[in-house]
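The values are calculated or read from the model by the stated rules, or taken from the named source; none is laboratory data. What you see is a predicted model; the values in this text were computed from it and never measured. The accessibility values were calculated without ligands, DNA or RNA, using every heavy atom of the protein model including side chains. Shrake-Rupley method; radii C 1.70, N 1.55, O 1.52, S 1.80 Å.
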Amino acid sequence: MKREKNILFILTILLLLACTACYRSTRHVTEHLSQAEGLIWAAPDSALHILESISTSRHLTGKEQADYALLLSLAQYRCYIPVSSDSLINLAIEYYKDKNDADKKGAAFYVKGCILEEYTKDIPNALLAYKEAEMCIPDMNEKRYVARIYSSLGYINKKSFHFDPAKEYYPKFRSILV
């Protein structure tokens, strides 16, 4: 009887330790994602280093997985690391497409457009991704992304010899900078 109580006590302690470790790991990931997000524009290489140091990245789910995919894709793009596909950023797009977070949804489509334009040279699909990002603009608060979306739409239209739409996007871009 006493032996069973000891075993039950030991199992309870192990369960509590496991729960504490999971909580600490989740908090650790959230802190790293927040740090990376703060550095992504000023020091993308530092943000990339922080993101790559998340040892549990394969086990992330939900919002953490989506934020990780968005930030890692953006950090790789900003550090000029070639990406062969858009599968990572698609994780963020899938998560945010039905959520009420225009900033993250717009950012995810913007990053997808950048990847398609720069690395896979898929201009038609890059334009579609930028247009999806543009649809989020009315509800976006993050002006840095809004300006970049307009700038990218102007540039890609100009590059595709669609000068009239390009002329419409550049003034929108400039108005965000003021």
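Rolling a 1.4 Å sphere over the protein heavy atoms, what is the accessible area per residue of the chain, to the nearest Å²? Please list the in-between numbers first.
Values: 10920 Å² over 178 residues.
Accessible surface, normalised per residue, equals 61 Å².
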* Gain in span if fully extended, R144 to K63, counting 0.36 nm per residue against the direct Cα distance -> 27.0 nm
* Which whole-Hz ³J(HN,Hα) couplings does the stretch 74-91 yield from phi under the Karplus relation 6.51 cos²θ - 1.76 cosθ + 1.60, θ = phi - 60°, glycine and proline marked x? -> 5, 5, 4, 4, 5, 9, 6, 8, x, 10, 8, 8, 9, 5, 5, 5, 5, 4
* If you roll a 1.4 Å probe over the chain with all protein chains in place, what percent of the accessible area is carbon or sulfur? -> 57 percent
* For the chain, report the translational diffusion coefficient in µm²/s to the nearest whole number, using Stokes-Einstein at 4 °C, 1.567 mPa s, and a Kirkwood Rh over Cα pairs. => 72 µm²/s
